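Notes for the one structure printed next.
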Amino acid sequence: LPGLSRWQRLAGSGLCLLLAALCFGLAALYAPLLLLRARKFALLWSLGSLCGLAAAALLRGPARL
């Protein structure tokens, strides 16, 4: 994604952070039911982590060699 402008990077990062917060919030709702819904909790937590990493990657951008 080297062709993105600064504002596009910020918007994409904000969207990824919003999705990460949503996934973490939904995972927190499943925390009391962890024994019954462990698979859904793990999926939401992992997806939230992935979205958070994607937000950081969008802000940092590609490495310049």
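The values are calculated or read from the model by the stated rules, or taken from the named source; none is laboratory data. This one's a predicted model, so the numbers in the text were calculated from it and none came from an experiment. All Cβ positions, glycine included, derive from the backbone under ideal geometry; neighbour counts span all protein chains shown. Quick note on the areas: whole protein, heavy atoms, side chains included, nothing else; ligands and nucleic acids left out. Shrake-Rupley method; radii C 1.70, N 1.55, O 1.52, S 1.80 Å.
Shown is the FRET efficiency for R39 and L59, computed with R0 = 22 Å from the Cβ-Cβ distance and rounded to the nearest 0.05: 0.10.
Compared with the dominant principal axis of the Cα atoms in the chain, helix 6-30 is inclined by about 10°. Surface composition of the chain: carbon and sulfur make up 72 percent of the accessible area, probe 1.4 Å.
What FRET efficiency, computed as 1/(1 + (r/R0)^6) with R0 = 30 Å and r the Cβ-Cβ distance, is obtained for L4 and S49, rounded to the nearest 0.05? Intermediate values should be presented prior to the final figure.
Details: r = 23 Å, r/R0 = 0.76.
Efficiency, rounded to the nearest 0.05: 0.85.
Specify the angular offset, from 0 to 90 degrees and rounded to the nearest 10, of the alpha carbon long axis of helix 38-60 from the longest principal axis of the alpha carbons in the chain. Tilt relative to the chain: about 10 degrees. Heavy-atom accessible area for L50, with the other protein chains in place and a 1.4 Å probe, reaches approximately 110 Å².
For the range 6-59, the solvent-accessible area of protein heavy atoms averages 74 Å² per residue (probe radius 1.4 Å; ligands and nucleic acids excluded).
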